[in-house]
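A.B. asks: Quick one: the structure is below, questions incoming.
Taken together, the values in this text are just the output of simple stated rules run on the coordinates, not laboratory data. All values reported here derive from a predicted model rather than from experimental measurement. Cβ placement follows ideal geometry from the backbone for every residue including glycine, while neighbour counts extend to all protein chains displayed.
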Amino acid sequence: MKSLLDVGLYESRSWAKWGAVKWVQNHRALAANTYDENVNEGEDYNQHITFADFKKMVRPSIKGDASGADVDAIFKRACFILNTKKFVYYRPSGVNEDKVARRFVEGPDFLTQTGKMLYGKYKDNCKTLPENFEEEVRKEQAWLELVFKQKQEKQDPKYKQNQQLRQLFRGREENKSCLEKMETKVKVKREIEEARADEALKKAKVWSTELKASRTFIVLDDEDNTQADTVD
């Protein structure tokens, strides 16, 4: 689990008796149904739980003989989302013992009726993609790009400035290596790409607003205590 969840490595590797497995650098996810139901979750109106209690709840999903250092390494690298019978808990990765946020959602269900229908077909070995699959993927990618950009700008006040400097430096390097005839072409191409990116962000914002208005998702934002119904 430690090697799998270390997404910072260019390639991570785990070993088992049947051989070694490598993963490229990227996002990864693990799923487990095990958690300790005996931990007291407290009153329903509480929006947080102590880290110690949360750690006890998820501990059964980690190998029993894992050392304390191993468990801490997993908490450092992995974001946790835990569904219990009445709550959805979410903890960002990091080295801290901060309280863990949660939302009261009795019997949390992350699939819409349409999603359940499609998932049911998939389980029945029907692998035909929906007609609007490509469009939905583009929406999801645009939305994720917008979310990550907003997070980066929030965490790093100099993010915009650094991006502008990188673009300026990249432009100078291109000018050094390109012929004068190519300069106009590169400039036009860059303007077209920026226009497309701006259009994608605008569509992502519109789609995100429509999604919020439809109340078909759970907002996992600690600063916004509103609650909706389900997640697509």
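A.B. asks: Provide the FRET efficiency to the nearest 0.05 for the E106-Q161 pair, computing r from the beta carbons and using R0 = 45 Å.
C.D. replies: On the way: r = 46 Å, r/R0 = 1.01.
Calculated value: 0.50.
A.B. asks: Shifting gears a bit: Based on the alpha-carbon gyration tensor of the stretch 1-160 and its eigenvalue square roots a ≥ b ≥ c, which shape applies: rounded if a/c is under 1.5, prolate if not and a/b is larger than b/c, or oblate? Numbers along the way, then the final one.
C.D. replies: On the way: a/c = 1.26, a/b = 1.16, b/c = 1.09.
Cα axes put the stretch 1-160 in the rounded bin.
A.B. asks: Sticking with this structure for a sec: Quick check: from the Cα gyration tensor, does the stretch 70-116 come out rounded (a/c under 1.5), prolate or oblate?
C.D. replies: On the way: a/c = 3.39, a/b = 2.03, b/c = 1.67.
Because a/c hits 1.5 or more and a/b exceeds b/c, the stretch 70-116 counts as prolate.
A.B. asks: Where nothing but the Cβ of Lys and Arg (+1) and of Asp and Glu (-1) is charged, how large is the charge dipole of the stretch 94-170 around its Cα centre, in debye to the nearest 20?
C.D. replies: Numbers: 16 positive and 13 negative charges, 75 e Å.
Charge dipole of the stretch 94-170: 360 debye, to the nearest 20.
A.B. asks: State, to one decimal in nm, how far the label point of K189 lies from the label point of L201, with both points 7 Å from Cα in the Cβ direction.
C.D. replies: Going from the K189 label point to the L201 one covers 2.2 nm.
A.B. asks: List residues of the stretch 80-116, by number, whose backbone nitrogen lies under 20 Å from a label position 7 Å along Cα→C-beta of N132.
C.D. replies: 110-116
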